[in-house]
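The values are calculated or read from the model by the stated rules, or taken from the named source; none is laboratory data. Keep in mind that what you see is a predicted model, and the values were worked out from it rather than measured. No Cβ is skipped: glycine too gets one built from the backbone with ideal geometry, and neighbour counts run over all protein chains shown.
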Amino acid sequence: MQARGAAFLRTTAFRQTLLSAALFALASFVTLGFVYAASAGMVLRRADSAINEEVAELDASFQAGGIRTVNRYILERTVGGGADYLYLLVHPSGRSLSGNLTYLPDVQPDDEGRVQFTYRRPAAGDSGDEVDDGKDDRTARGRIIDLPSGYRLYVGLDVDEETRLVSRMLNTILAASALALALGVAAGIFVSRRFVRRLDRINTVARRVKAGDLQPRAPRNFTGDELDELSENFNSMLDRVEALMHRMRHTGDSIAHDLRTPLTRMRNRLDEALREEGDRASREQALERAVADTDELLGIFNAILSLSRLEAGESRASIQRLDPADTAADLAELYEPVCEDDGLSFNSEIQSGMTMLGDRGLLSQALANILDNAVKYTPSGGAVTLRLRQTGDGMIEFSVTDTGPGIPDTDRARVTQRFVRLDNSRTKPGSGLGLSLVQAIVDVHNGRFELGEGPGVVADGHGAGLRAALCFPTAPAED
Amino acid sequence: MRILIVEDDREAASYIRKGLRESGHVADHAGDGEEGLEMARAAEYDVLVVDRMMPRMDGLSMVEALRADDDRTPVLILSALGEVDDRVEGLKAGGDDYLVKPYAFAELLARVEALARRRDPDTVRTKLVVGDLEMDLLARTVVREGEEILLQPREFRLLEFLMKHSGQVVTRTMLLEKVWDYHFDPQTNVIDVHISRLRSKIDKPFPRSLLHTVRGAGYRLQA
């Protein structure tokens, strides 16, 4: 529990909230401090101006009648107690002449001649029931004026109430700031706990996936906030990983299954060659066939490798602007003689003047795979057509049609999966990867791969034929 | 020919070495890029066969270092990878040809011999002659026994490649790569079909055949 607590204190969320709580407390401290400075200053200024007025009065009486008048003025106000002000008139010898203060404060006046000090309220001057318990130390503020001929006069005000109020205010402000800090931290802990708990749930999922269980998914609250978005991305990533894992497992099984046959055949041939006695020619023949089998196996491996790279998006295909008509024309030229040799009539209809973004090598490979299939499956006397055109919706479409047996509706979605070979193709050479490769190449180009019915006429003894179309978006105009 | 094989896989290296020796070449072996670079600098080789992935110094760095020294010895890069962009990378580093593992020995031999030929003084040839077959590269005409043979543009390029490598074996993959610029293997025998078309034009009407099929390897044009 303690370890968890310590871990919690290290979380970013907690640190962030701690920081904002501290900033909030500082801000409230500064604000209240400003209020304090303003009101404390106001209280003292009011006292000071009252003192100034009284000094002016006394100055006036000094001007009118000299020190005696001042003395009388003070006596009139202080005898009997209850004076608003504090006074003390001091003889040049240092003796107090009149006033309700007993002695002159021994405090250096500031620039404006003001002093602030603590005094003890004279017990006699008041109702007399004051007890000298030391609690009667009070704060006074005033001015000391040097009169001509050595007399000194103090005029002041009791500001005890005011200063007490101000210091209480200061205490309150400090307490409030501390409280703000404490509340901020508490709120921060609360908020970040919630945040951390949600993160924890995502981390738990990640740990379980790491441990090998691909089932769990991060919880979502569908508010679309950052964490929800994180969960969503995290989940779709897991979906993709799961699909890839599944495909990998499937591929692994298929590879094992598909390679067993040629490997067994090769093993038997080599074994036979070993046991063959004397006959050099037939031994050589067996070895040659074994080499051919090996080549076939390596071909399958290479196809798997290219396919995996394409599907994993690792192949940095060199996509550039190209004229699909060039690509189509090159392939037509490559395959026309092949078709004719096989007794097929070959036609190409190529529309020019289009531009697409593509990798010439990959596109050619995809088309070559389809043309290979057309040649392989169309019986002699049939026809193969390569066509390039712009479709109604502005796509660039390469299509190859043949008059072979075609692919039944129900199998069309299946044939682009790896290692899927239809029953009637089992006798022909091939790895079952050709159309998977076409699909992967089309995907790399953001295109579409469609299989449909060909132009064959079944009644003529041909198959329905196959139409294989690769559709790609037209390249955006160049700036 | 003197050939240096730079390959960290001893077994693969001895397989190539044995084959090259049987074909009448001298073959040395270096086990990594650093050793290969040293040996290539110390002696004159006609062709270097360099594996791409090696410890200490990989093949591409080694070729780059050689090219930086202005050493123009033809290099065949061997690679276990095999995508088009890997090939482009290899050629950019200074390789002259690129062969993906696994390969048939005949393929390697044909490419090594073709590379050595490329090294011949590079005078710009305007005329190729093999026996009584003549090709004028400027007028783009082909004549045999004084009789002009009409070829399609691709057939012309195919014949040009064969004539430039006359006396040597060229493989189907080489033709597909160099004449058509395709780096994949079609399942159908496209190259054989094109060769037989060419053959029917340049050989059939004449008593002596120039274009020979080399079993298990490819084709050879020879007088």
Residues in segment B:186-223 that are touching a Gly at 6+ places or on another chain (Cβ under 9 Å), crowded, with 18+ Cβ neighbours inside 10 Å and modelled with pLDDT under 90 total 1
Segment B:1-85: strands (runs of 3 or more DSSP E) wholly inside it with 3 or more residues that are closer than 30 Å to residue A:307 by Cα are B:47-51, B:75-79
Those residues of segment A:168-192 that are hydroxyl-bearing (Ser, Thr, Tyr) and modelled with pLDDT of 85 or more come to a total of 1
Going through segment A:72-100 in order, the residues found to be farther than 22 Å from residue A:120 by Cα and either small (Gly, Ala, Ser) or surrounded by fewer than 20 Cβ atoms within 10 Å (Cβ to Cβ) (or both) are A:72, A:92, A:93
Note on segment A:151-201: residues among the small types (Gly, Ala, Ser) and either touching a Cys at 6+ places or on another chain (Cβ under 6 Å) or free of Cβ contacts under 8 Å to residues at least 24 places away in the same chain (or both) are A:167, A:175, A:182, A:186
**Asked** When you look at residue A:66, is it at positive phi, surrounded by fewer than 16 Cβ atoms within 10 Å (Cβ to Cβ) and part of a helix (DSSP H, G or I), yes or no?
**Response** yes
Of the candidates A:353, A:382, A:343, the one satisfying the condition of being more than 12 Å from every other protein chain (Cβ to nearest Cβ), crowded, with 21+ Cβ neighbours inside 10 Å and not hydrophobic (A, V, I, L, M, F, W, C) is A:382
- Message: Please verify whether residue A:366 is in a helix (DSSP H, G or I), within 11 Å of chain B (Cβ to nearest Cβ), touching a helix residue (DSSP H, G or I) at 6+ places or on another chain (Cβ under 6 Å) and closer than 17 Å to residue A:332 by Cα, treating the condition exactly as stated.
- Response: yes
- Task: Looking only at segment A:305-322, decide whether some residue is at pLDDT 85 or above and either in contact with a helix residue (DSSP H, G or I) (Cβ under 6 Å, 6 or more places away or on another chain) or away from every other protein chain (no Cβ under 14 Å) (or both).
- Result: yes
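Given the condition in contact (Cβ under 8 Å) with a residue 60 or more places away in the chain and of a type in the set (Asp, Glu), answer yes or no: does some residue in segment B:54-64 qualify?
No - not one qualifying residue is present in segment B:54-64.
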Counting only residues in segment A:430-444 that are in a loop (DSSP other than H, G, I, E, B) and surrounded by fewer than 22 Cβ atoms within 10 Å (Cβ to Cβ), the one nearest to the chain's Cα centre (by Cα) is identified as A:432
If you go through A:336, A:284, A:277, the only one that is closer than 30 Å to residue B:152 by Cβ and outside any strand (DSSP E or B) is A:336
Only one of A:296, A:284, A:272 is out of contact with any Asp or Glu (no Cβ under 6 Å at 6 or more places or on another chain) and more than 12 Å from chain B (Cβ to nearest Cβ), namely A:272
Filtering segment A:153-166 down to residues that are among the charged types (D, E, K, R) and crowded, with 17+ Cβ neighbours inside 10 Å yields A:158, A:160, A:162
| query | Hey, any hits in segment B:128-146 for a residue that's surrounded by fewer than 19 Cβ atoms within 10 Å (Cβ to Cβ), within 12 Å of chain A (Cβ to nearest Cβ) and in contact (Cβ under 8 Å) with a residue 12 or more places away in the chain? | reply | no
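State all residues of segment A:58-92 that are among the hydrophobic types (A, V, I, L, M, F, W, C), farther than 16 Å from residue A:142 by Cα and in contact (Cβ under 8 Å) with a residue 60 or more places away in the chain; if no residue qualifies, say none.
A:62, A:67, A:70, listed by residue number.
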Would you confirm, using the coordinates I've provided, whether residue A:261 is out of contact with any helix residue (DSSP H, G or I) (no Cβ under 6 Å at 6 or more places or on another chain) and under 27 Å from residue A:285 (Cα atoms)?
yes
Those residues of segment A:451-479 that are modelled with pLDDT of 85 or more, in contact with a helix residue (DSSP H, G or I) (Cβ under 7 Å, 6 or more places away or on another chain) and either assigned to a loop (DSSP other than H, G, I, E, B) or surrounded by 21 or more Cβ atoms within 10 Å (Cβ to Cβ) (or both) come to a total of 2
| request: Tell me, please, whether a residue that is assigned to a helix (DSSP H, G or I) and either on the phi < 0 side of the Ramachandran plot or at pLDDT 85 or above (or both) can be found in segment A:78-90. | output: yes
Taking first residues from segment A:234-251 that are free of Cβ contacts under 8 Å to residues at least 24 places away in the same chain and second residues anywhere that are surrounded by 13 or more Cβ atoms within 10 Å (Cβ to Cβ) and of a type in the set (A, V, I, L, M), the pairs with Cβ under 8 Å that are 6 or more apart or on different chains are A:235/A:218
Note on segment B:7-27: residues surrounded by 17 or more Cβ atoms within 10 Å (Cβ to Cβ) and farther than 17 Å from residue B:58 by Cβ are B:16, B:17, B:20, B:25, B:27
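Residue by residue, here is whether (1) at pLDDT 90 or above; (2) closer than 16 Å to residue B:109 by Cβ; (3) more than 14 Å from chain A (Cβ to nearest Cβ) holds:
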| residue | (1), (2), (3) |
| --- | --- |
| B:4 | yes, yes, yes |
| B:17 | yes, yes, yes |
| B:29 | yes, no, yes |
| B:40 | yes, no, yes |
| B:55 | no, no, yes |
| B:59 | no, no, yes |
| B:79 | no, no, no |
| B:83 | no, no, no |
| B:88 | no, no, no |
Those residues of segment B:195-220 which are within 14 Å of chain A (Cβ to nearest Cβ) and without any contact (Cβ under 8 Å) to a residue 24 or more places away in the chain amount to B:196, B:199, B:200, B:215
Filtering segment B:157-181 down to residues that are among the hydrophobic types (A, V, I, L, M, F, W, C) and surrounded by 19 or more Cβ atoms within 10 Å (Cβ to Cβ) yields B:158, B:159, B:162, B:163, B:169, B:170, B:174, B:175, B:176, B:179, B:180
